[in-house]
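Notes for the one structure printed next.
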């Protein structure tokens, strides 16, 4: 679980770094103001899509983990009940 958190943190950091790097590169590039604004809009739209995809992936992972947790809990509960009940004699 700890490795997963580190991976998510790394991915988020990478995303933020990409946004900052792209913004700085566009701002410092020698071109017209209109073209720079257009590039900023395109970059912002691309980063928004990436962030949405990242959030959707996180949501899917979360839902999968919740389902696994529920299944594990139900199995443990069944096992505990079965082991704890005395044998029935016919």
| Taking neighbour counts of Cβ atoms within 10 Å as a proxy for exposure, in what order, fewest first, do 50, 76 appear? | 76, 50
| What list do you get for 80, 43 if you sort them by fewest beta carbons within 10 Å? | 80, 43
| Under a plain spin-label model, where a point goes 7 Å from the Cα along Cα-to-Cβ, how far apart in nm are residue 48 and residue 74? | 4.0 nm
| query | Roughly what would the spin-label model give for residue 31 and residue 64, points 7 Å off Cα along C-beta, in nm? | reply | 3.7 nm
| request: Take the Cα atoms of segment 1-70, find their three principal axes, and give me the spread along each one in whole Å, biggest first. | output: 57, 19, 6
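Here, each number is a calculation from the coordinates, and none is a lab measurement. Being a predicted model, the structure only gives us computed values, none of them experimental. Counting neighbours? That spans all protein chains shown, and the Cβs are built from the backbone with ideal geometry, glycine included.
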